[in-house]
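The values are calculated or read from the model by the stated rules, or taken from the named source; none is laboratory data. Note that this is a predicted model, so its numbers are computed, not measured. Here the Cβ positions follow ideal geometry from the backbone for every residue, glycine too, while neighbour counts run over all protein chains shown.
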Amino acid sequence: MAVTVLTSENFEQEVLKADKPVLVDFWATWCGPCQKQGPVVEALAEAHDDIKVCKLDVDEVGDIAEKYNIMSIPTIYAFKNGEVVNKSVGLASQEQLLALFN
C-alpha cells in the first residue's frame, strides 16, 4: 500500500477516523535523519496492508505538528481508533515501528 501524504484538510479522515492502525511519520525535507527514515517507512507500507502509513511534513502542516507537540524529527506516532498509543523519536527500524502497536 502506498504512503498517504497528510495535510491539515485530510488528517482527521485519514488518521483519526481510520478503520485500522495508523503510523504517522512527522518529517521535513531538510532533515537528514528523516531522509534515512523515509525508505524504512515506505518499505513498511508496502509490507503491511493491515497498517495505514502516512507522512506529515512539519513545515507544510505545522498546525498538526504543533498540536502533537513535535519537537524533534523524525518522530513517528502510532494511532489506534483515533488515539495516540505510542511514539518513537529518531531513526527506527521496521521492527521497532511495528512494536509501537503492541
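When residues of the range 14-28 are filtered for being part of a helix (DSSP H, G or I) and either surrounded by fewer than 21 Cβ atoms within 10 Å (Cβ to Cβ) or in contact with a Pro (Cβ under 6 Å, 6 or more places away or on another chain) (or both), how many remain?
Within the range 14-28, the subset part of a helix (DSSP H, G or I) is 14-16.
Now narrow it down to the ones that are either surrounded by fewer than 21 Cβ atoms within 10 Å (Cβ to Cβ) or in contact with a Pro (Cβ under 6 Å, 6 or more places away or on another chain) (or both): 14, 16.
The number of residues fulfilling the criteria is 2.
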Residue under evaluation Leu56, criteria (1) within 19 Å of Ala99 (Cβ to Cβ); (2) surrounded by 14 or more Cβ atoms within 10 Å (Cβ to Cβ); (3) of a type outside the set (Ser, Thr, Tyr), criterion not met: (1)
Residues being surrounded by 16 or more Cβ atoms within 10 Å (Cβ to Cβ) and either farther than 16 Å from Glu95 by Cβ or at pLDDT below 95 (or both) - total across the range 29-47: 3
Subset of the range 1-55 [without any contact (Cβ under 8 Å) to a residue 24 or more places away in the chain, touching a strand residue (DSSP E or B) at 6+ places or on another chain (Cβ under 9 Å) and farther than 14 Å from Lys80 by Cβ]: Asn10, Gln35, Gly38
Candidate set: the range 59-99, residues that are assigned to a loop (DSSP other than H, G, I, E, B) and either among the charged types (D, E, K, R) or touching a Phe, Trp or Tyr at 6+ places or on another chain (Cβ under 8 Å) (or both); chosen: the one surrounded by the fewest Cβ atoms within 10 Å (Cβ to Cβ): Asp59
